[in-house]
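The values are calculated or read from the model by the stated rules, or taken from the named source; none is laboratory data. Treat the numbers as computed from the prediction; the structure is a model and nothing was measured. Because the Cβ atoms are built from the backbone with ideal geometry, glycine has one as well, and the counts that use them run over all protein chains shown.
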Amino acid sequence: MSVGTSPPRSDGAAKVNGDARYIDDLAFPDMLHGVTVRSTTAHARYRGFKLDPDYDWTDIVVVDFRDIPGPNEINLIELDQPCLVQDIIRHPEEPVLLLAAPTRERALEARKHVHIREEPLPSVLDMDTAAAAETVIWGENNEIARLTIRKGAGVGCVDAALEANPGATLFEGEYCTGWQEQMYIEPQGVIAQPYGSRGVAVHGSLQCPYYVVKALTHLFKLHEDQVRVVQTVTGGGFGGKEEYPNILSCHAALLALKAGKPVKIVYSRDEDLACTTRRHPCVTRHRTAVGDDGSWLAAEVDIRLDGGAYATLSKVVLSRAIIHAIGPYRCPDVAFDGVVLATNTPPNGAFRGFGAPQVCFAVERHVDAIAAARGADPAAYRRFLAMQVGDTTATNQLLKGSVSANEVLDRALGMAEWESRRADCDRINASGGAPPQKPRPGLGDTPRLRGVGMSFFLHGGGFTGNGEARIQGEVEMVVQPGGDILILSGSTDIGQGQRTTHALIAADVFGLPLDRVTMALPDTSKVPDSGPTVASRTCMVVGKVIEDCAVALLARVMGEEAARPGPDAWGEAVDAFLKAEGDASVKLKYQTDPDTRWNPDTYEGDAYPCYSWACDVVEVEVEPDTLEVTISGFWSAQDVGKAIHPVIALGQLEGGSLQGLGFATIEEMRFKDGKLLNDRMTNCIIPTSLDAPEMHVHMVEEPFPGGPSGAKGIGELPMDGPAPAVLAAIEHATGIRLESLPASPEALMTAAARSAS
């Protein structure tokens, strides 16, 4: 089986016919069911709890912070988040108490008979209040993290450029994005059970098994060999199952070890929506000095992220946001400042794109404003500004190769027939609109305005700077009698097809059919730590280690000069080798480019091993009276390096793009007093198939030598570009300019009224 073909997914049949067993399908002998008792106040002093004396507690296990054997901390980047509230409540829905009972119904009923005593404290519910720091809830000034990037003239570079260039123009703008929910199909869930003499095992719906190992060893003061974490079939993650399973696993483990029995905790959808991490709200301010020829002379960007009550992964989200602050555009002098502020709302965390979608939205809206002011075509202006080989990024990373800026622009704009489509929209709008291309029930054939917009963007693959060298993701490969291959890796499949893609990489090296390569289940008692399944690294980084293992194993069995042998010759050679040597396996770690240079203190140097590039074009129809937006067309060209499995890769690109379209138009989370108001799928909505336009996606292949067969990371890339393209299309259709998301009818009406007054 060869790279570049699309055999059936190894897990496809089981998921389609219902044989796949998710965490809530599993039951262990004598298993209890756990629930969480949560705070209701945004900020309060915890004064203890009371159990209703008239309720029968005989078969209920009760756990609070006093049952924690080690430090009451969730082990992440910071150790600021308690496993269970001990003294201060910092957000609504914070876990205070844990209960377990023989049935879920019994546990839920018992929860109604627990009373939490809270003494309210002044709260901070938005970033403006947090920045003022009149009420401090985190550190010295509510700042969870702060990062800066300087290039060229640095601080004050915009004013200096304006002074030195009399023909230059200052452009300023503020751009806002809100929360976004991952809305994975399967809610958070785990089963914990005693393991060995003193340890604990967790089976769960999760992305990063070794993250959970580190959380459990810290909380329970255990060695790694006393903890076992097994990923079960997982119904989606999108980042939402990166760090949150640390908390849930610790909760289930506390109950299991106190009860001496397995304990399952599976969240209901409303609990999952209310308490788990989501995308960070962001406010981005741009100041740009633009020369008389349109070139960017200097750029200053200020980024503020709402971290919620605890740090979680916010510093790393800020890192990616600030590095991507001006996207794929050339600028000699920059000064970027980024800060994460604490608020008394549930913590925010990982979500596909990891800070890049927020800043991509901002810079693309900013570019549109500059192009409009200059009377320039948005596509031509972006092409003029686009970085090429030989340019340097904001971190002073020299782009040496694998830069596909021109190709993605050519492909996307060509597919969409950019110039003629824009002209057609102008003609239709001048005549008062046209019947909808995609009718919506109840709206009839009311003429609609049409518009076309675009975005141009890049996304760094893998961990930032020297992150991959620090992690050193590891893979083991074992050859079995007859020549079948077993791959042991801690990477997880969360719906993206990793088990098939990784197996295909190995099968290609050996010349074997796909069914002769097996991926071991992600079980930390058996597989090495390949690094987390995040950061667009699973195929590009871990896949490269698998490829290297396969090449090394082939050479070990067949000799250094061996080529792809074919199934029969390989099987015979393996049996002879095993007879002589006893076993054959290879274990390797990811090798970073030795020329990589990165200063984590100054954020200067090679931020990512490579970048994937993309261009989106969106067509919209807008009902002129209600300002309801329908997305009627989507065209995109996205650089994948090499499509290992084209059908899986295309699914990633189309799915991520649809998430981005939802972010643009209909996804909005409303909070009051720090508590989520729309905690149901009926009012916290995402796009369905009825909302999706026909997706025209072309995969550009600009190989990256550090990836398997040249593959780049693509998991996050498609999320970055749709939202600004949608708002540009709306502006083209209506003349209404929005600088915040989502573009709801209410938001458009408000903006229209503001511009009219």
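Things worth noting here:
- Every residue from the range 461-472 that is on the phi > 0 side of the Ramachandran plot and surrounded by fewer than 20 Cβ atoms within 10 Å (Cβ to Cβ): 472
- Meets criteria (aliphatic (A, V, I, L, M), within 20 Å of residue 456 (Cβ to Cβ) and either out of contact with any strand residue (DSSP E or B) (no Cβ under 8 Å at 6 or more places or on another chain) or in contact (Cβ under 8 Å) with a residue 12 or more places away in the chain (or both)) for residue 342: no
- In the range 551-592, residue farthest from residue 509 (Cα to Cα) [restricted to those that are crowded, with 16+ Cβ neighbours inside 10 Å and in contact with an Asp or Glu (Cβ under 8 Å, 6 or more places away or on another chain)]: 592
- In the range 362-372, the condition of being aliphatic (A, V, I, L, M) and assigned to a loop (DSSP other than H, G, I, E, B) is met by no residue.
- Lone unmet requirement of (1) surrounded by 15 or more Cβ atoms within 10 Å (Cβ to Cβ); (2) within 30 Å of residue 512 (Cα to Cα) for residue 603: (2)
- Test: residue in the range 432-441 that is closer than 25 Å to residue 636 by Cα, in a loop (DSSP other than H, G, I, E, B) and of a type in the set (Gly, Ala, Ser): no
- In the range 390-400, of all residues being touching a helix residue (DSSP H, G or I) at 6+ places or on another chain (Cβ under 9 Å) and either in a helix (DSSP H, G or I) or β-branched (Val, Ile, Thr) (or both), the one that is farthest from residue 599 (Cα to Cα) corresponds to 393.
- Failed criterion for residue 176 (all others in (1) hydrophobic (A, V, I, L, M, F, W, C); (2) closer than 14 Å to residue 249 by Cα; (3) within 22 Å of the chain's Cα centre (by Cα); (4) not in a loop (DSSP other than H, G, I, E, B) hold): (2)
- Among the residues of the range 73-95, the one identified as among the polar types (S, T, N, Q) and within 18 Å of residue 136 (Cα to Cα) is 81.
- Subset of the range 306-334 [touching a helix residue (DSSP H, G or I) at 6+ places or on another chain (Cβ under 6 Å) and among the aliphatic types (A, V, I, L, M)]: 321, 325, 326
- Elements of type helices (runs of 4 or more DSSP H) contained in the range 663-757, each with 1 or more residues being over 18 Å from residue 631 (Cβ atoms): 717-720, 745-756
- Residue within the range 448-462 that is at pLDDT 90 or above, within 22 Å of residue 365 (Cα to Cα), among the charged types (D, E, K, R) and in contact with a Gly (Cβ under 9 Å, 6 or more places away or on another chain) present: yes
- Qualifying residue in the range 401-417 (condition: assigned to a loop (DSSP other than H, G, I, E, B), surrounded by 24 or more Cβ atoms within 10 Å (Cβ to Cβ) and modelled with pLDDT of 95 or more): yes
- Filter result (surrounded by 22 or more Cβ atoms within 10 Å (Cβ to Cβ) and not in a strand (DSSP E or B)) within the range 478-494: 483, 489, 490, 491, 492, 493, 494
- Verdict on residue 673 being touching a residue at least 12 places away in the same chain (Cβ under 8 Å) and on the phi > 0 side of the Ramachandran plot: yes
Yes or no, residue by residue, for (1) among the aliphatic types (A, V, I, L, M); (2) out of contact with any Ser or Thr (no Cβ under 8 Å at 6 or more places or on another chain):
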site: 542; (1), (2): yes, no
site: 549; (1), (2): no, yes
site: 562; (1), (2): yes, yes
site: 622; (1), (2): yes, no
site: 635; (1), (2): no, yes
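- Within the range 114-149, the only residue that satisfies the criterion of being basic (Lys, Arg) and either closer than 30 Å to residue 61 by Cβ or not assigned by TED's automatic domain parsing to the domain that holds residue 304 (or both) is 117.
- Filtered residue count, the range 295-314, keeping only those that are within 30 Å of residue 43 (Cα to Cα), in a strand (DSSP E or B) and among the hydrophobic types (A, V, I, L, M, F, W, C): 2
- Only residues that are charged (D, E, K, R) and surrounded by 20 or more Cβ atoms within 10 Å (Cβ to Cβ) were counted across the range 352-381, and they come to 4.
- Scanning the range 569-598 for residues being more than 20 Å from residue 488 (Cβ to Cβ), outside any helix (DSSP H, G or I) and either in the same structural domain as residue 529 (by TED's automatic domain parsing) or touching a residue at least 60 places away in the same chain (Cβ under 8 Å) (or both) gives a total of 4.
- Condition check for residue 541: at pLDDT 95 or above, touching a helix residue (DSSP H, G or I) at 6+ places or on another chain (Cβ under 8 Å), under 23 Å from residue 639 (Cβ atoms) and in a helix (DSSP H, G or I): yes
- Restricting the first member to the range 397-410 and to residues that are more than 13 Å from residue 712 (Cβ to Cβ), and the second to residues that are charged (D, E, K, R) and in a helix (DSSP H, G or I), the beta-carbon pairs closer than 6 Å and six or more apart or on different chains are 409/383.
- Meeting the requirement of 3 or more residues that are within 22 Å of residue 103 (Cα to Cα), the strands (runs of 3 or more DSSP E) wholly within the range 180-279 are 189-195, 199-204, 263-266.
- Pick from the range 59-113, criterion surrounded by fewer than 18 Cβ atoms within 10 Å (Cβ to Cβ) and either among the β-branched types (Val, Ile, Thr) or not assigned by TED's automatic domain parsing to the domain that holds residue 244 (or both), ranking: nearest to the chain's Cα centre (by Cα): 77
- Checking each residue in the range 161-190 for being crowded, with 23+ Cβ neighbours inside 10 Å, touching a helix residue (DSSP H, G or I) at 6+ places or on another chain (Cβ under 7 Å) and more than 22 Å from residue 273 (Cβ to Cβ) picks out only 175.
- Note on the range 339-375: residues that are closer than 29 Å to residue 123 by Cα, among the small types (Gly, Ala, Ser) and over 19 Å from the mean Cα position of the chain (by Cα) total 1.
- Test: residue 475 is crowded, with 24+ Cβ neighbours inside 10 Å, in a strand (DSSP E or B) and in contact (Cβ under 8 Å) with a residue 60 or more places away in the chain: yes
- Residues within the range 551-568 that are under 24 Å from residue 489 (Cβ atoms) and part of a helix (DSSP H, G or I), tallied: 9
- From the list 533, 524, 538, the one residue that fits, being at negative phi and surrounded by fewer than 23 Cβ atoms within 10 Å (Cβ to Cβ), is 524.
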